[in-house]
Each structure stands twice: as C-alpha cells, then as structure tokens.
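In what follows, a single structure is set out as structure tokens and then discussed.
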Ligand code: PHE
Ligand code: NA
C-alpha cells in the first residue's frame, strides 16, 4: 500500500503545485475587492495580523496532518484525522472527529468548487472576448449581464476548463497535476509581472488628477479611524480572506501534502507556500486591479461619487461591482486603452484562468482521491464522476439568482470551522508535543519556540471570534432554501462517506475500542 501511493516527483513540482493551490482568483479578484470594500489601508492591518497569527500556523498544521495521513495511505481528512485523534481518544470517539472533519472537507470541496469553477470558466470566456474585442464596442456591464444570460456560452467555456481538469487529474499527481502546474505557474507569474510592471509606468492615463499612485496610497496607508469604526467587520473580512487565499480549512493542503515522503520537509515548504501566495497577493494582486481602477476612475465611477474624493471613489467601485470588479470594471479600463487593451485584457483574464485552474485542480483531486482511496474507484474513472458532480452542483449556480453569493458566505464560515478542527485534532488531540516533533521531522528550518504558544493559544482564540460572528448572520438571514438544501445534503453525504471509509479500514481496532 505504501509503495503504490503516488508521490511528487520533484521539490520544485511540489512547491509549484502548492503555490498553484493557494494562488487563485482570491489573489487577483477577491483580495482587491475586499481591500476596496474595507477601507483600503484599514484592511491591511488585521490582514497581516491574521496572516501571522492564524494563516502561517494553520498552514503548518495542515502540512503536518497531510504528510502524516499519507504515511498510512490516506489523502482525505476522515481517516487522517481519525488516526490523529486516536492519540488521545478511544477509537470510537476518534471516529467522530474523523467523521466531522471528513464531512466538512469533502462537502467544501464540492460546494466551493461548484461556483469557483464557473468563475474560472468566465475567465476563459473573457480571455477570448478580450483578444477578439467582443466587449469593446459595448457597455461592459451590459455585456457581462448578456454573457451570464447566454447559458450555452457559459457552459461552453466552463466545459473546456472542466475537460482539461478531468484529463490532468486523471493522469495522476506526479504525471498529471505536477506536469501541468510546471507549465502554468511560471506563465502565471510572468503575466502578473507584466501587468504589475505596466501599472508602475502607467501614471495618469486619462486625467491628471487620477494617478496609479493614488491606488497604491489607498492600499498602503493605514486608515486607523475607518478601522476603529468598523473593527469587527474588517476583522471578519481579513480573517476570511486569509483562509480563502491560503486554501486553508478545506482539506486540500493536507491532500497535496499526503503525497510527500515521511521525511520530506514541511516547515520550510509550508512557509514557502505562504510566501509565494502573499507575494502574488499583496505585491502582484495589490498592484494590478486597484491602481488600474484608480488611474481610470473617471471612466468607471459616476461624477458625483468622483467629486467626493479618492477613497470614496474606490469604495464605490468595490461596493458597486463586487466580483464584477474583475469582469466589468476592468473591461472598462481595457476598452479605454484602445487596441493595446485587447492584449492587456487577454493577459489579465488568462492570468485569472491559470490562477483559478491550478486551485480548482486541488479540490478536484481531493474528491478523486476520496473515490480512489475510500471506494476503490480507479482514477481514470473517478475523474469523470467528479466531473459529473460538479456539473450537477453547478446548475444552481447558473440557474438560481443569489445562490452563488449565499454558498460563498457559508463557505467562509465552514472554512473557519474546519480550521478549528485542524487545531483541535491535529494539534491538541494528536498532542502538542507530537505535533511539534512532526513539524520538525526532516525539516529544513527550525520554527522558533515562541511560535508554539501562538499555535496553541492565540490561533484558536482568533478563530473563535469570527466563527461566532459569522454564524449568527448566516443562519439568521443570509441563506435561502436552495443553498440550505445543498449544504445539508452535502454535509450528510460527506458524513456518511467518512464514517464508512474509517469503519472499513479500521474495523478491528474500532471493535476493540482500546486506547492505542
Ligand atoms: N486559495 C484559492 C484562491 O486564492 C481559493 C481556494 C480556496 C481554493 C479554498 C481552494 C480552496 O483563489
Ligand atoms: Na490565494
């Protein structure tokens, strides 16, 4: 069993795959939107707090847990967290920890990806629309609405993306995913650097009063009074963004880490993943959409809002368009650039497509691994079953208004909840000393001792606050029936799946129920 399991072929491949996993639409679309909606520089303060006290610790925890599970042939959270919880609990109690964690992970990889894949599909479509100039003689806002209304077109670009994903995942980890990311990730960085470089030399393209510098200032000058007046909201947003952007609380970092050898470094590699993602987020992501939108604000924002000042204008862009920041505001910018805009538009959307693809592939692989390891379904067949799951779960995204936003709101909550189980199971029940030892097994760096209390005490406290805050609103008002049903069904299926997979593999010790 141990010999047969696929492994990353090269260190570089592993790091690029993990970076690809983390770097996604979150870096280039969600991050600028969150910054714009949360007072610019006000957002960056809790953002870095959450990164340092929560993001980095949970990243390490997930790498450790994943490599540990892989040692026993598991790439999913159910059996992995069962084994870790068993260090403190009797098998039958540990079973429940595995069931809850496995349920949260598998339902997330279905729910999140079911709409994420549609966003990735939009990006494919918009690369095409940019290079062909399809939206150049129209109002980009109307064009976007029409595009979403044309379901055949939506499914065409979604389908192209999905078929490529199915093929890549079907080829396996080292022969599939690793090879694909080795091409896509360098291209992604090149595209992002081209765009950010262009922004740096852009200056004031349409109006001397509006310069890219204003955008940089908006992001980088801490706005303490805004933060003071909106502390809770901004903190929630910042924590949510850290989880989302680092792909934490999903099970997919563990899944990728499960294809490591038992003595492969996790400490430095985990930190490298965070660093590569943050470079792509605050440096590259922070230097594209917002400064571009500021420089072109007179073309995007209504005159009366413009008159109120720069941060108001940016807040307006964030508030008004939300996700449309990328798909409607920026197309306005590309149109204003004339024919160079076709090229820059295509580069922007291809960048999004690569970023989204290499994240979606991780969720895709989680489910394929689940079918493979728990249900003995061959990868070459499982990959098409997963295709079918995403096709079905993508239907409400396309056909039910508001469903995607509600699913997304719930996802932010569930990510945070699963991260709490990361700490409970993979640190506390696994036992903090075991965890610390595992973290340093084969490690290429030593984590300073003062980080231990951060992982043990500060991280879980920081997690509990947003969890409580989010749950109230969600269950109270946000969710409507289609989203509720999807969530309940996915949780139930996830629980059943994890239960049987653990039962099947560890029947004997569960029978005896003695501390191991
Ligand atoms: N981290 C990815 C991004 O920034 C999104 C993602 C979240 C992917 C959770 C998988 C799981 O876009
Ligand atoms: Na990210």
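The values are calculated or read from the model by the stated rules, or taken from the named source; none is laboratory data. Computed from a predicted structure; not experimentally measured. With ideal geometry, Cβ positions are generated from the backbone for all residues, glycine too; neighbour counts draw on all protein chains shown.
At-a-glance table
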| quantity | calculated |
| --- | --- |
| Counted residues, the stretch 167-183 - those being buried (at least 20 other Cβ atoms within 10 Å of the Cβ) and farther than 18 Å from residue 371 by Cα | 3 |
| One residue from 71, 30 being surrounded by fewer than 24 Cβ atoms within 10 Å (Cβ to Cβ) and within 12 Å of ligand 2 (Cβ to nearest atom) | 30 |
| Within the stretch 90-183, helices (runs of 4 or more DSSP H) holding 1 or more residues that are more than 30 Å from residue 329 (Cβ to Cβ) and either away from ligand 1 (no atom under 16 Å from the Cβ) or modelled with pLDDT under 95 (or both) | 91-131, 151-170 |
| Qualifying residue in the stretch 50-67 (condition: under 25 Å from residue 320 (Cβ atoms), assigned to a helix (DSSP H, G or I) and away from ligand 1 (no atom under 16 Å from the Cβ)) | no |
| The stretch 249-294 - residue that is more than 15 Å from ligand 1 (Cβ to nearest atom), over 20 Å from residue 176 (Cβ atoms) and outside any helix (DSSP H, G or I) and, of those, nearest to the chain's Cα centre (by Cα) | 266 |
| Residues of the stretch 273-300 satisfying the condition of being more than 16 Å from ligand 2 (Cβ to nearest atom) and in contact with a helix residue (DSSP H, G or I) (Cβ under 6 Å, 6 or more places away or on another chain) | 290, 291, 292, 293, 294, 295, 296, 297, 299, 300 |
